[in-house]
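Some notes on the structure that comes next.
The values are calculated or read from the model by the stated rules, or taken from the named source; none is laboratory data. Source: prediction; values computed, not measured. Cβ placement follows ideal geometry from the backbone for every residue including glycine, while neighbour counts extend to all protein chains displayed.
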Amino acid sequence: MSRLAGVAVVALVAVAVGFVLAGQVKAQLLTPSNQVARYQALVRSVQELESANAGERRQIADLRAQIDALESDAAARSATTQALRNQVSDLRAHAGLVAMHGPGVEVILRDGAPGPDSGSGTGYLVNFEDVQDVVNLLFAQGAEAVAVSGRRITPLSAFSGSEGQIAIDQGQPLASPVKIDAIGDRNRMVAALDDPSSLPGVRARQVQFSLHLTFEGLPDISVPASDSSLQVPHVTSS
Amino acid sequence: MSRRPRARRPPVRVRGLSVWLIALLVALVATIQIRSQAEVERSLVGVDTTSLAFLIDDLHSANDALASQKADLISLRATLQSGQSGAADQVLTDEAQRLRAIDGLIPVQGPGIVMEVDARGLTALDLQDALNNFMAARAEAIDVNDHRVVTGVAVEQDGGNVTIGGAVVSPPWTISVIGDPVKLAEVADLMTQQLLADRRVRAAGYRTENDIVISSVISEKPFVYAIPS
């Protein structure tokens, strides 16, 4: 027993020493300048907001699951409620609020290398327009459900971002490599991605900056349900 | 007088093992600490302060929108938990109607903006970008020349024509957007300035309206490949 306690104390001390050591190393690495301090403060703000963002999205997913369970309970008691619930389930699936799986394609977009010319800008980075173009192409080829690096695309989804950051809806920005999963006719989607005339912007930068675009058809892929906001406060049915 | 029993010292091998274990633990914790910090900061390395400021602004707006959605869901859950007669049916009926509006399956109305663009040579990519700009401003329903558009509806180039869901949409384009009129007007203003600087554009402008009616709808497509998980 006492030996066990001894081991626990040793482990605790070791962990504490590790923390102190790491803190010291990090402190030593910081350059004592106001500019760096300001930059660090901004980075900290981003990190805090991103953490809050992830928390809010997790809670939204939990709440949707709880509501689904409550609706299921109510539906078990009434045929009318069950019929309504079936309708809503189908509408939710089309709105990207239900996790789906099926055959499809997986597309990977990865940053290339900066050109030798320093003025060549950020063309080597995957940007939100690249992702938007791939997603549009897949939808045009009949994709039934699409997710970008685990972020489900909904009928109200928007793409934005700057300098290699890709923001989708209210999620925190994504960066390369970006994985796009689409469920649908994989042969049709692969053929469209293979077509040299498709995605002209990406293909030009494949040559210039070695931007990576790879894809493969898969027999079963999964896309999660959306955890973003789908509020429409200004719209009423007419 | 009894002799005090001598504490039994662990054998040398065990002591050696303990030292190695401590060293390993220290190294492990230190490495995890330093690497996790580096991992978090890696994604932001090279991002200038202006971009970081914009990122902070965007994240604030996003988190506000998520908090508002969360509040709605909490209220919905409370209604369902109340167990009042017909509560679930009412929730489901309202939800179905709201989802039909989101999916573009029913006519809708509300405040927003109407943008008109007369141009020759604009492509599907130009229209996709314009629609995405409105979506990023939280558009809730969009129509282009009596064709309903949601993310997922194909906007494609077919030779010299732009098509929406397979139907040719010839200029001039009238883009009706329902949503927060202030946010939408900000975006429409910027887009109008950009469009007017484009030589292909003959005319571009927008107006805000209190009640825009969008009658076009999308026909619902059944899932063929996708199965709920």
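Worth a mention:
- Test result for residue B:153, within 12 Å of another protein chain (Cβ to nearest Cβ), in contact with a Leu (Cβ under 8 Å, 6 or more places away or on another chain) and at negative phi: no
- Criterion: assigned to a loop (DSSP other than H, G, I, E, B), surrounded by 24 or more Cβ atoms within 10 Å (Cβ to Cβ) and on the phi > 0 side of the Ramachandran plot - qualifying residue of A:96, A:164, A:142: A:96
- Residue in the stretch B:85-104 that is under 23 Å from residue A:234 (Cα atoms), assigned to a helix (DSSP H, G or I) and more than 8 Å from chain A (Cβ to nearest Cβ) present: yes
- Of all residues in the stretch A:167-176, those that are in contact with an Asp or Glu (Cβ under 7 Å, 6 or more places away or on another chain), buried (at least 23 other Cβ atoms within 10 Å of the Cβ) and not in a loop (DSSP other than H, G, I, E, B) total 0.
- Selected residue (only one of A:226, A:198 is hydroxyl-bearing (Ser, Thr, Tyr), at pLDDT below 95 and in a loop (DSSP other than H, G, I, E, B)): A:198
- Tally, over the stretch A:58-95, of residues that are small (Gly, Ala, Ser), farther than 17 Å from residue B:70 by Cα and touching a Pro at 6+ places or on another chain (Cβ under 9 Å): 3
- Taking the criterion of being part of a helix (DSSP H, G or I), surrounded by fewer than 22 Cβ atoms within 10 Å (Cβ to Cβ) and without any contact (Cβ under 8 Å) to a residue 60 or more places away in the chain, the residues of the stretch A:115-138 that qualify are A:118, A:119.
- Residue-level analysis places residue A:213 among those that are of a type outside the set (Val, Ile, Thr), on the phi < 0 side of the Ramachandran plot and surrounded by fewer than 20 Cβ atoms within 10 Å (Cβ to Cβ).
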